[in-house]
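Q: Attaching a single structure in structure tokens format; questions to follow.
The values are calculated or read from the model by the stated rules, or taken from the named source; none is laboratory data. Model, not experiment: these values are computed from the prediction. Glycine gets a Cβ as well: all are built from the backbone with ideal geometry, and neighbour counts include every protein chain shown.
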Amino acid sequence: MSGAASEPDGATPLDPDEREGLRFRHVTTRGELNELEQANVQNGLLWLARRRKGDVLSERFMRELHRRMFGDVWRWAGAFRQTEKNIGIDPLHIAVELRKLLDDARYWATNGTYAPLEAAARFHHRLVAIHLFANGNGRHARIATDLYLEEYFDHPPVDWAAGHDLLHTNGRRDAYIAALRAADAGEYSALLEFVGM
Ligand SMILES: Nc1ncnc2c1ncn2[C@@H]1O[C@H](COP(=O)(O)OP(=O)(O)OP(=O)(O)O)[C@@H](O)[C@H]1O
Ligand SMILES: [Mg+2]
């Protein structure tokens, strides 16, 4: 597989140990990997549509969702990241920070702290900023955010791609990554606009 240079801006490169977890030995290009992951994500969405409804704001569900989306491709799917990345907190703190985020997100919904899309934007940003997994965080967190909107606010999903392909470099992805970087600095307005507020 080709290296970090072929990743779009704002993606996290994999470490050699993580590459070891690839279930397909023959993959040599980023394009092939994207296709395998995309097929797996589609199966994950089917699982999601058929599953028995339960609380999405739990560590168990967050991990299960990732495993369903990426487990046919990566052996470590559904397991928290163990290596440092250019994005994300110290891997030792992932479980605790996730717990705080899930508690906060539940509190926001119960107390009407934010409008639904603002709660969603804040939830999404903190989830990707923690960066639970070695890869697939963006795709996982976009779906997790839509489930939060649906289950806690009875609100329709965010139009993340808005007619573009968020997995490749284009204006929409650039706006998404720029909005997340602004949110890293505590400035949420670009992300609120991005999610449609
Ligand atoms: N500065 C940042 N702050 C917070 N989150 C970020 C930042 N830059 C990128 N991200 C998030 O990290 C994701 C990339 O991480 P990762 O490669 O694990 O996810 P992915 O689903 O494989 O990739 P992608 O959605 O980017 O194709 C981006 O999609 C975005 O959600
Ligand atoms: Mg990635």
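Q: When Ala178 is evaluated against the numbered criteria (1) within 11 Å of ligand 1 (Cβ to nearest atom); (2) closer than 28 Å to Arg30 by Cα; (3) touching a residue at least 24 places away in the same chain (Cβ under 8 Å); (4) assigned to a helix (DSSP H, G or I), which criterion, by number, is the only one it fails?
A: Result: Ala178 passes all but (3).
For (1) within 15 Å of ligand 1 (Cβ to nearest atom); (2) on the phi > 0 side of the Ramachandran plot; (3) surrounded by fewer than 21 Cβ atoms within 10 Å (Cβ to Cβ), each residue gets a yes or a no:
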residue: Asn86; (1), (2), (3): yes, no, yes
residue: Ile94; (1), (2), (3): yes, no, yes
residue: Glu97; (1), (2), (3): yes, no, yes
residue: Asp103; (1), (2), (3): no, no, yes
residue: Asn111; (1), (2), (3): no, no, yes
residue: Tyr114; (1), (2), (3): no, no, yes
residue: Arg122; (1), (2), (3): yes, no, no
residue: Arg139; (1), (2), (3): yes, no, yes
residue: Ala144; (1), (2), (3): yes, no, no
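Q: Checking Asn135 against (1) surrounded by fewer than 19 Cβ atoms within 10 Å (Cβ to Cβ); (2) at pLDDT below 95, only one condition comes out false. Which one?
A: (1)
Q: Output the residues belonging to the range 102-112 that are of a type outside the set (Gly, Ala, Ser) and either out of contact with any Phe, Trp or Tyr (no Cβ under 7 Å at 6 or more places or on another chain) or at pLDDT below 95 (or both).
A: Selection gives Leu102, Asp103, Asp104, Arg106, Tyr107, Thr110, Asn111.
Q: Out of all the residues in the range 46-64, is one or more away from ligand 1 (no atom under 14 Å from the Cβ), outside any helix (DSSP H, G or I), surrounded by fewer than 21 Cβ atoms within 10 Å (Cβ to Cβ) and among the polar types (S, T, N, Q)?
A: Yes, the conditions are met somewhere in the range 46-64.
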